[in-house]
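Trainee: Handing you a structure now.
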Amino acid sequence: MSGSEPHLLEECPTTPTAGEVVEALTNIVGVDRVLTDAADRAPFESDWRGKYRGRCLAVVQPADTREVSKVVEFCARNAVPVVPQGGNTGLCAGATPDSSGSQIVLSLRRLRRLRAIDAEDGHMVCEAGMPLAEAQNHAEGVGLLLPLSIASEGTATIGGVVATNAGGVNVLHYGSARQLLLGLEAVLPDGTIVSRLAPLRKDNTGYDIVSLLAGSEGTLGIVTAATLALSPRPLGYTTFLAGLSDVGKARAALNHVRSIPGGVVTSWELFSAVSAELLMQLPQAMPLPLMERHAWYLLGEISHFGSDNGVLEALADVLAEHDMDDIIVAASGQQRADLWMIREAVSEAERAAGPTLKHDIAVTPARIGEFVEALLPACSSIDAAIRINVFGHVGDGNLHVNVLPRQEGRALTGEEQNRFSTCIYDLTHELGGSFSAEHGIGQQKLAQMVRYKSLAELNLMRTIKGSLDPHGLMNPGKVLP
Ligand SMILES: Cc1cc2nc3c(=O)[nH]c(=O)nc-3n(C[C@H](O)[C@H](O)[C@H](O)COP(=O)(O)OP(=O)(O)OC[C@H]3O[C@@H](n4cnc5c(N)ncnc54)[C@H](O)[C@@H]3O)c2cc1C
């Protein structure tokens, strides 16, 4: 691990005024890179869903790691809280400032360089503000695959996906962001730059600092660059959409499909009849290319690294064995893209339908059928005038369970939200699951941290936070209750 010398923080003799803070930050990043006008700040002050809105002192846009370090060091010396932000697509409002007007939003989007890419060794070093899709394109340019894939990849940044340990549609085979992360460069809460970008597949030299910062949602430091592992590109894909009556069957079929020789199952995605309804309500209605309507839909993908001979026939047999007879298999790259477009439009279709109450749970894949069977009656018993949009990464045991009032435009009251969320999270907890599978905690799931996380784990997290950020200036009010 290399890096700058740790900074010794001195007490600031007097607290600077807002004007003095802006002036000092402008001296570091340049005149046009500190946004203070309300209209300029606005897009950085609310979350993707528009559910949370804050007010910051300024949005600061450094150009490189050195500037990030100087900004953070200034903030540490002068007790200015820092909220790191990438693409602002997070779903737990982790990048949204509070309403005090005292925090700065530190936008990483200008750190966008590809520092290195090595096709031989299979890795790339990207700066934090590079959009994920751009990183994928760079990997494709050298004939390789960056397998992290999420519907927000056009806007979500490398720093953001690392900081949230993002998951997505390929976790089943390739793992989430943390598993793809070989190295990292970060600025710690006192401004120290820590650099461990070496693309090592093995490095057992003490505490795993790279993994610690991954998923820390900007509360332990600022990610400025990341080394990511690349994989061989598949030679082809078998991608299908099937209708099914029971979620448990999706899981059972996965085990069988995995045993078909000639491919690797890389995605196993589920969505419900409610998702299909929402897709039809989009202005550009998206009908499903199947013969009939079903309670559930499964989008599966097998990646081929050699011959795909016989895979199609074996797949059809296995799916039929699990009562999936209504199937469409993509016959071209375009059809594959069309099937994926359906799956990826589900979040957007839900957003277009009005306010929803979202959950992002995981149970072990073996218990996913049991979870769904108990979920729907439990929620209906609270209030039958709702729709539950269930969709997600069923192969990983991760489902998004989102509650929408049937009456268009109506938002659930605070009390209703509490009742639904407690019901869904308690059920998840009883089955040994997690109340946040891939979206993180942000400021949205602090109550669940108290209710479901053990005190020993919480205290350990507080100890780590306290030792790295003793004044609590790095993304305050996020992750830790
Ligand atoms: C349509 C849609 C689909 C999505 N699908 C998925 C999905 O399938 N799987 C999934 O996991 N997520 C998904 N997400 C959520 C979101 O895209 C991810 O959480 C993503 O990783 C956030 O990246 P970002 O750059 O937008 O981060 P932001 O939203 O800007 O920030 C997210 C958190 O990371 C911190 N942060 C950001 N950049 C840095 C940095 N450089 N250093 C330190 N901390 C930082 C912020 O402070 C905040 O706490 C989806 C979102 C949308 C809108």
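The values are calculated or read from the model by the stated rules, or taken from the named source; none is laboratory data. Just so you know, these numbers come straight off a predicted model, no measurement behind them. We place every Cβ from the backbone using ideal geometry, glycine too, and count neighbours over all the protein chains shown.
Every residue, every condition in (1) more than 24 Å from residue 152 (Cβ to Cβ); (2) among the charged types (D, E, K, R); (3) touching a helix residue (DSSP H, G or I) at 6+ places or on another chain (Cβ under 7 Å), yes or no:
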position: 418; (1), (2), (3): yes, no, no
position: 427; (1), (2), (3): yes, no, yes
position: 431; (1), (2), (3): yes, no, yes
position: 435; (1), (2), (3): no, no, yes
position: 440; (1), (2), (3): no, no, no
position: 444; (1), (2), (3): no, no, no
position: 450; (1), (2), (3): yes, no, no
position: 453; (1), (2), (3): yes, yes, no
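Trainee: Let me ask something additional. If a residue must be touching a strand residue (DSSP E or B) at 6+ places or on another chain (Cβ under 6 Å) and in a loop (DSSP other than H, G, I, E, B), how many such residues does the range 53-79 contain?
Mentor: Counting residues in the range 53-79 that are touching a strand residue (DSSP E or B) at 6+ places or on another chain (Cβ under 6 Å) and in a loop (DSSP other than H, G, I, E, B) gives 3.
Trainee: Identify the residue in the range 100-142 that is without any contact (Cβ under 8 Å) to a residue 60 or more places away in the chain and crowded, with 24+ Cβ neighbours inside 10 Å and, among all such residues, is farthest from the ligand (Cβ to nearest atom).
Mentor: 130
Trainee: Just one of 80, 105, 68 is of a type outside the set (Ser, Thr, Tyr) and in contact with an Asp or Glu (Cβ under 9 Å, 6 or more places away or on another chain); which is it?
Mentor: Of 80, 105, 68, the one residue that is of a type outside the set (Ser, Thr, Tyr) and in contact with an Asp or Glu (Cβ under 9 Å, 6 or more places away or on another chain) is 105.
Trainee: If you don't mind, there's one more thing I want to ask. Please work out which one of (1) away from the ligand (no atom under 13 Å from the Cβ); (2) closer than 30 Å to residue 336 by Cα; (3) not in a loop (DSSP other than H, G, I, E, B) is the condition residue 234 fails and give its number.
Mentor: (3)
Trainee: Which one of the conditions (1) surrounded by 23 or more Cβ atoms within 10 Å (Cβ to Cβ); (2) modelled with pLDDT under 95 does residue 239 fail to meet, given that it meets all the rest?
Mentor: (2)
Trainee: Quick check: anything in the range 87-97 surrounded by 24 or more Cβ atoms within 10 Å (Cβ to Cβ), within 16 Å of residue 53 (Cα to Cα), touching a Ser or Thr at 6+ places or on another chain (Cβ under 7 Å) and among the β-branched types (Val, Ile, Thr)?
Mentor: Looking for residues that are surrounded by 24 or more Cβ atoms within 10 Å (Cβ to Cβ), within 16 Å of residue 53 (Cα to Cα), touching a Ser or Thr at 6+ places or on another chain (Cβ under 7 Å) and among the β-branched types (Val, Ile, Thr), one finds at least one in the range 87-97, hence yes.
Trainee: While we're here: Go through the residues of the range 223-232 one by one and say whether even a single one is closer than 30 Å to residue 328 by Cα, at pLDDT 95 or above and more than 18 Å from the chain's Cα centre (by Cα).
Mentor: Checking the range 223-232: at least one residue is closer than 30 Å to residue 328 by Cα, at pLDDT 95 or above and more than 18 Å from the chain's Cα centre (by Cα).
Trainee: Tell me which residues, restricted to the range 317-332, are small (Gly, Ala, Ser) and in contact (Cβ under 8 Å) with a residue 12 or more places away in the chain.
Mentor: 330
Trainee: Let me ask another. Residue 255 fails exactly one of the following numbered conditions: (1) buried (at least 24 other Cβ atoms within 10 Å of the Cβ); (2) in a helix (DSSP H, G or I). What is the number of that condition?
Mentor: Of everything listed in (1) buried (at least 24 other Cβ atoms within 10 Å of the Cβ); (2) in a helix (DSSP H, G or I), residue 255 misses just condition (1).
Trainee: Here is a check on your reading of the model: is residue 149 near the ligand (Cβ under 9 Å from one of its atoms), within 27 Å of residue 47 (Cβ to Cβ), surrounded by fewer than 22 Cβ atoms within 10 Å (Cβ to Cβ) and under 13 Å from the mean Cα position of the chain (by Cα)?
Mentor: yes
Trainee: Also, quick follow-up: Which members of the range 434-472 meet the condition of being in a loop (DSSP other than H, G, I, E, B) and not small (Gly, Ala, Ser)?
Mentor: Let us first name the residues in the range 434-472 that are in a loop (DSSP other than H, G, I, E, B), namely 435, 437-445, 453-454, 469-472.
Result: 435, 438, 439, 441, 443, 444, 445, 453, 469, 470, 471.
Trainee: Might you check whether a residue that is of a type in the set (Phe, Trp, Tyr), closer than 18 Å to residue 288 by Cα and touching a residue at least 24 places away in the same chain (Cβ under 8 Å) occurs anywhere in the range 333-352? Even if it seems obvious, please write down each step before you answer.
Mentor: So the first thing to find is which residues in the range 333-352 are of a type in the set (Phe, Trp, Tyr), and the list is 340.
Those still in the list that are closer than 18 Å to residue 288 by Cα too: 340.
Imposing the further condition that a residue be touching a residue at least 24 places away in the same chain (Cβ under 8 Å) reduces the set to 340.
Scanning the range 333-352 turns up at least one residue that is of a type in the set (Phe, Trp, Tyr), closer than 18 Å to residue 288 by Cα and touching a residue at least 24 places away in the same chain (Cβ under 8 Å).
Trainee: Output the residues belonging to the range 263-275 that are of a type in the set (A, V, I, L, M, F, W, C) and surrounded by 23 or more Cβ atoms within 10 Å (Cβ to Cβ).
Mentor: So in the range 263-275, the residues of a type in the set (A, V, I, L, M, F, W, C) come out as 264-265, 268, 270-271, 273-274.
Hits for the range 263-275 are 268, 270, 271.
Trainee: Taking the conditions exactly as written (under 20 Å from residue 337 (Cβ atoms), of a type in the set (A, V, I, L, M), modelled with pLDDT under 95 and not in a strand (DSSP E or B)), does residue 288 satisfy them or not?
Mentor: Criteria not met by residue 288.
Trainee: Still on this structure, please answer the following. Say whether the condition of being in contact (Cβ under 8 Å) with a residue 60 or more places away in the chain, within 14 Å of the ligand (Cβ to nearest atom), touching a Pro at 6+ places or on another chain (Cβ under 8 Å) and assigned to a helix (DSSP H, G or I) is met by at least one residue in the range 162-184.
Mentor: Taking every residue of the range 162-184 in turn, at least one turns out to be in contact (Cβ under 8 Å) with a residue 60 or more places away in the chain, within 14 Å of the ligand (Cβ to nearest atom), touching a Pro at 6+ places or on another chain (Cβ under 8 Å) and assigned to a helix (DSSP H, G or I).
Trainee: Taking the condition crowded, with 24+ Cβ neighbours inside 10 Å and in contact with a helix residue (DSSP H, G or I) (Cβ under 8 Å, 6 or more places away or on another chain), does residue 167 pass?
Mentor: yes
Trainee: Are any residues in the range 404-426 among the hydrophobic types (A, V, I, L, M, F, W, C) and surrounded by 16 or more Cβ atoms within 10 Å (Cβ to Cβ), and if so, which ones?
Mentor: Our first condition is that a residue be among the hydrophobic types (A, V, I, L, M, F, W, C); within the range 404-426, this holds for 404, 411-412, 420, 423-424.
Hits for the range 404-426 are 404, 412, 420, 423, 424.
Trainee: Still on this structure, I have one more. If we scan the range 89-99, do we find a residue that is in contact with a Leu (Cβ under 6 Å, 6 or more places away or on another chain), within 11 Å of the ligand (Cβ to nearest atom) and in a loop (DSSP other than H, G, I, E, B)? Before the answer, list the steps.
Mentor: Let us first name the residues in the range 89-99 that are in contact with a Leu (Cβ under 6 Å, 6 or more places away or on another chain), namely none.
No, the range 89-99 contains no residue that is in contact with a Leu (Cβ under 6 Å, 6 or more places away or on another chain), within 11 Å of the ligand (Cβ to nearest atom) and in a loop (DSSP other than H, G, I, E, B).
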